[in-house]
Each structure stands twice: as structure tokens, then as C-alpha cells.
Amino acid sequence: MKNKFIVLEGIDGCGKGTQIKKLHNFIFEQDKKNEIFTTREPTYGNYGMKIREILKKDNCPFKNSKNLLNLYTKDRKEHTKLIKKFISRKKGKIKYFVLSDRYYHSTYAYQQTQGIDFKIIHKTQKGFLKPDITIILDLKPEIAYKRMEDGRTSKEKFEKLEFMEELRKNFLNLREKLDENICVVDSSKSKIEVFEQIIKVLKENEIIF
Ligand code: TYD
């Protein structure tokens with residue numbers, strides 16, 4: 001299949017937002033026959049909006065874990081329909097790319113850090129689409145935390161240093177726990193250097209050429 005599903009993941013403040021935009025522009029400029037659907041989770045659909053309400057109100061990172069697992073999963077079911085529809089397109093020489101800012105890896109990492117067992121999460125995440133590649137933008141939580149502090153004043157539910165330490169470990173452990181293509185990029189470097197690493201990894205994995 002020449003179409004590709006790429007996911008960027010990582011702790012809050014890891015720089016996914018910036019890098020996904022750069023990647024979108026890169027793929028767009030690389031070939032006029034590339035079509036791209038750049039998207040994110042949580043979505044702005046009904047479940048995504050409920051999630052965002054909880055994230056704003058809740059201050060404790062460990063509260064509402066089961067409720068959130070349920071909502072993120074329902075949100076993802078709707079989101080996956082859109083992704084599957086786009087990625088299964090075929091038309092002449094067109095190559096279709098889906099770029100997603102977060103997917104089920106975030107549920108494994110965050111809801112596990114909230115205290116839910118990996119196996120329980122695993123049962124709820126069946127039937128979703130395995131990405132061709134998932135890139136974890138990895139950096140020390142202190143740096144991510146500092147970046148977020150510079151950008152704004154209030155902190156969201158999961159933006160607590162201790163929680164983020166555990167979260168980082170849970171993200172990195174997914175390489176052993178999930179049977180799929182997960183790569184890690186050092187996101188403590190400059191935006192340009194991080195982006196160069198992402199392109200290198202995508203080329204090595206024959207996702208782009
Ligand atoms: P975030 O990427 O910050 O969304 P946005 O930038 O659009 O506001 O995601 C919101 C929070 O949701 C973030 O702290 C990570 C968390 N999250 C989970 O806990 N589980 C999940 O499955 C997903 C997709 C996100």
C-alpha cells in the first residue's frame with residue numbers, strides 16, 4: 001500500500017504541534033500528487049468536547065481515569081472512520097497521507113499513568129488502525145514543562161511534573177509492548193534539528209522518499 005498513516009506522539013510540551021505542521025508542509029511540497037489529511041486527538045467532535053471540558057475542570061491527574069478511557073476510545077472510533085476512509089483511497093498516481101497528532105498510543109501512555117492496567121487498556125483498543133509509523137518525540141519532562149510555562153500561565157490536568165515523568169516512561173515502553181513500528185526522536189534539540197531527525201526516520205522506514 002503506497003498510502004501512509006503517520007502518528008506523532010509524546011508528553012505535553014514535546015513539540016508535536018510544530019513538527020506536524022512542518023511535516024505537512026514538507027510532504028505537500030515534495031510532490032503535487034501527495035494528498036494529506038492532517039488531524040488530531042482529542043477531536044472537536046462530541047466526545048472530544050466532553051474530554052476537553054474534563055481536562056479544563058479537573059486539576060488532579062489521577063481522577064476520572066475510567067471515564068476518560070471510555071471517552072478517548074469513543075472519540076477514536078469516530079476519528080478512525082474518517083482516517084480509514086481517507087487512507088483507503090486510490091486514484092491514479094496520487095499518494096494519500098494521514099498525519100495524526102496523537103492516536104491510541106496516548107491512551108496506553110496517559111491512562112496507564114492514571115493507574116489503569118495495560119491489559120485493560122489493550123482490550124479497549126482493538127480494531128483501530130495500526131500506523132505505518134509512530135514517532136515519539138521524547139524529551140525530559142522538565143524541559144517540556146519549561147516550554148509550556150513560557151507559552152502560557154495555566155496548567156492542564158496532566159501537566160504535572162511527576163505525572164509527566166511516569167508518562168514519559170510509559171510512552172517509551174510502548175516500543176516493547178506493542179508489536180508495531182514505533183521510533184523515538186530526541187525532541188530536546190532545536191525545532192530544525194528535531195524536524196531533520198523526523199525526516200531521516202521517515203526516509204529510513206521508506207514512508208517518504
Ligand atoms: P492535547 O494533545 O494537549 O490536545 P490539544 O493540544 O488539542 O489541546 O491533548 C489533550 C490532553 O489529552 C493531553 O494532556 C493528552 C491527553 N490524552 C489522553 O490522556 N489520552 C488520549 O488517548 C489522548 C488522545 C490524549
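Key figures
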| read-out | value |
| --- | --- |
| Residue check, ARG52 at pLDDT 95 or above, open to solvent by 80 Å² or more (accessible area, probe 1.4 Å) and near the ligand (Cβ under 9 Å from one of its atoms) | no |
| First in region 98-112 and under 22 Å from LEU82 (Cα atoms), second anywhere and within 8 Å of the ligand (Cβ to nearest atom), Cβ under 6 Å, 6 or more apart | ASP101/LYS16; ASP101/ARG40; ARG102/GLU41; THR107/TYR72 |
| Qualifying residue in region 75-88 (condition: at positive phi, basic (Lys, Arg), within 13 Å of the ligand (Cβ to nearest atom) and surrounded by 14 or more Cβ atoms within 10 Å (Cβ to Cβ)) | no |
| Residue within region 18-29 that is within 23 Å of MET148 (Cα to Cα), free of Cβ contacts under 8 Å to residues at least 24 places away in the same chain and open to solvent by 10 Å² or more (accessible area, probe 1.4 Å) present | yes |
| Every pair of residues 6+ apart whose Cβ atoms lie under 9 Å, when the first sits in region 146-162 and is modelled with pLDDT under 85 while the second is of a type in the set (S, T, N, Q) | LYS155/ASN59 |
| Members of region 30-49 that are under 20 Å from the mean Cα position of the chain (by Cα) and either surrounded by fewer than 13 Cβ atoms within 10 Å (Cβ to Cβ) or near the ligand (Cβ under 10 Å from one of its atoms) (or both) | ARG40, GLU41, PRO42, THR43, TYR44, ASN46, GLY48 |
| Among (1) more than 19 Å from LYS200 (Cα to Cα); (2) touching a Lys or Arg at 6+ places or on another chain (Cβ under 9 Å); (3) at pLDDT below 95; (4) not in a helix (DSSP H, G or I), the one test that MET1 misses | (2) |
| Residue within region 60-72 that is modelled with pLDDT of 95 or more, hydroxyl-bearing (Ser, Thr, Tyr), more than 27 Å from LYS21 (Cβ to Cβ) and open to solvent by 10 Å² or more (accessible area, probe 1.4 Å) present | yes |
| So GLU159, is it of a type in the set (D, E, K, R) and surrounded by 14 or more Cβ atoms within 10 Å (Cβ to Cβ) | yes |
| Of residues in region 4-56 being outside any helix (DSSP H, G or I) and basic (Lys, Arg), the one nearest to ILE199 (Cα to Cα) | LYS4 |
| Helices (runs of 4 or more DSSP H) lying entirely in region 114-207 (those with 3 or more residues that are within 16 Å of the ligand (Cβ to nearest atom)) | 118-124, 141-151, 161-177 |
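The values are calculated or read from the model by the stated rules, or taken from the named source; none is laboratory data. Remember, it's a predicted structure, so these values are computed and weren't measured experimentally. Ideal geometry is used to build each Cβ from the backbone, glycine not excepted, and the neighbour counts take in all protein chains shown. The accessibility values were calculated without ligands, DNA or RNA, using every heavy atom of the protein model including side chains. Shrake-Rupley method; radii C 1.70, N 1.55, O 1.52, S 1.80 Å.
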